[in-house]
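Structure record follows, encoded as C-alpha cells.
What follows draws every value from the coordinates through simple rules; no lab data is involved. For clarity, every value in this text was computed on a predicted model and none was experimentally measured. Glycine also receives a Cβ, built like all others from the backbone with ideal geometry; neighbour counts cover every protein chain displayed.
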C-alpha cells in the first residue's frame, strides 16, 4: 500500500455491484485516501450499469482475476454473497499487496 503523508492510499476494486455496493462506494468516495479503480460483477452488464449510474471513469469486469491484472489495486472490497467469499479470497490471497475485505471489515480498514 502506498503511504501519502502518513496515510495509506487505498486503490480499490469493488466485487459485487448489487444494492449493498452503493453504501461502500459512497463511503470510499468520501475518503481522501481511497480511490475506486474497478468494479467487478459476475454479470458484466450490472457492473457497467453501476459505472454509468455513478459516472465513474473506471473499467468494469466480470472476472476478478482480469481486474487484478489490469488495475493497480491494492485492496479488494468483497460485497458478494457469502457463498462467493471463499472464491474471492482464493483469487486474491497470492496477489502481492492486494487484500480482500468483506463488508464487515471495510469500515475499520479505511479509518487508517
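Would you mind ranking 10, 85 so that the residue whose beta carbon has the fewest other beta carbons within 10 Å leads the list? Walk me through the intermediate numbers first.
Values: 10 23, 85 16.
Ranked by crowding around the Cβ, least crowded first: 85, 10.
Quick one: 50, 20, fewest Cβ neighbours within 10 Å first, how do they rank?
Working: 50 21, 20 13.
Neighbour counts put them in this order, fewest first: 20, 50.
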